[in-house]
Amino acid sequence: MASNNKKSLEQQIADLEAQIENLTKQAEIEWPSKDVGDKLEAKITGWFRNDEFFAGFRNTPGRAIITVLSVAVLFGYGYYAFTNSAQTFWYLGLIFLVLLMQAISVRFVFNMDGYSAEKLLDEYHRKRRDKALRRANKSFVNMMGLFLIAAFLYGYKDYFFGGKDLNFPDGPNAIYNFSLSGWQFFVIAIFISGWISLQKYWSYGIKGEPMLSREEARKLRDS
């Protein structure tokens, strides 16, 4: 009797394990979207990273041109969009475009982390990426400090540079005279977001990969 009970218990455990395995397989079949999305993203990123068509983005002249272009878009076109509301969405689109060009030029090193970074990036690119991130963070902190100083000087410009007397014990109020429309505020938000996103690419430097012929690039890829 005890033997039968033991067999029955073992059978129940085996049946439960089989049910769990079946449920797991069903879940994988019913919810494949994340896996498909990850594979599609990996294929697109791999195409951008390795296709010979984008080789011109990754060499030093290409990096220099893309850097100059990104500065011109962020600051030059940004000012144009700030004074012309019809250019706001063009400004947003151009910021995305130069960010994509920057990402292609550095083989998406800032878009990888964890296992993908360990698998696809060599030690040189990992060190260069990490150094660029530290530089970008330091640059951001410095720029914030300069912004606060500039805001302070602007608020007290009539005291420092005008005819008003500055008496610190009395604690004079800063004076700010400006107004922003909704689209100008949106342009400023695009500028700040674009500047933060581009900073790491600028900190990466303009030095790119050596210029290779099509045959040399093919041999390197196939090696």
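Values quoted throughout were computed directly from the atomic coordinates according to the rules given, and no laboratory measurement underlies them. Just so you know, these numbers come straight off a predicted model, no measurement behind them. Ideal geometry is used to build each Cβ from the backbone, glycine not excepted, and the neighbour counts take in all protein chains shown.
Within 10 Å, count the other beta carbons around each residue, average over each peptide in 140-149, 59-68, and list them highest first.
Values: 140-149: 10.8, 59-68: 16.4.
Highest to lowest by the protection proxy: 59-68, 140-149.
Taking H placed 1.01 Å from N in the peptide plane, check which residues at least 5 places from Asn59 or on another chain put their amide H under 5 Å from its amide H.
The answer is Glu209.
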